[in-house]
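So the structure is just underneath, and the comments pick up after that.
Laboratory data are not the source of any read-out in this text; all were calculated from the coordinates shown. Note that the coordinates shown come from a computational prediction; the quantities given were computed from them, not determined experimentally. FYI the Cβ positions are ideal-geometry reconstructions off the backbone, even for glycines, and counts take in every protein chain you see.
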Amino acid sequence: MSPRPQRAPEVLPRVERGHRRPWRYALLVYAVALTVATHWPALTLGAASPVSDKLVHALAFGALTILLWRTGWFQRRMTVTLVALAWATLDETTQGLPFIRRHVSWPDGIANGLGVVVAAAWLWAAAPVGGAANRARLRVESFAFDQLWTRPETWIRLALAGFVAAGVGVIVPV
């Protein structure tokens, strides 16, 4: 009987559930805001908006995909991609409900899906490759990243930066 190979010692302690909690809250807030924004009756960006409606759709659903991945609810990138694509499809389809006074747009749906696919490609590109040493290094980086985003002050600073950027965008015409 050959001896069982021993596992390499863990470089880091296992990330506790609490380290994913801020990402889950962020996803919840973002999902509600995204759903309200995409289902608001007769909402338009306006002709003076310098940003394409399709770019906004792609960025919004790309961000949703990244947040969904960071929650840790799904271990496989393919599952995250399929869930985000289903979400994007459901979101666009439900805009056709009569009481919402919006319409289903194929170009919007394609932009939603494209945002998900681009974010998923980024997730796959950032996936660990190589041997045990590289995987351990990436676990350390992921742990440090999760530790940073577990702190409430990080989220407060991000929100403050977003508000300042939005304020500058309102004051300074593009």
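For Glu153, Glu92, what's the fewest-to-most ordering of other Cβ within 10 Å of each Cβ? Lowest to highest Cβ neighbour count: Glu153, Glu92. Can you give the FRET efficiency to the nearest 0.05 for Leu138 and Trp106, using r as the Cβ-Cβ distance and R₀ = 35 Å? About 0.35, to the nearest 0.05. Here r is the Cβ-Cβ distance between Arg157 and Leu114 and R0 is 30 Å; the resulting FRET efficiency, rounded to 0.05, is 0.50. Could you list the residues of the stretch 52-82 with an amide nitrogen less than 16 Å from a label point located 7 Å from the Cα of Thr93 in the Cα-to-C-beta direction? Only 82 fall inside the zone, counting backbone N under 16 Å.
Panel order for Asp146, Asp108, by other beta carbons found within 10 Å of each beta carbon, from fewest to most: Asp146, Asp108.
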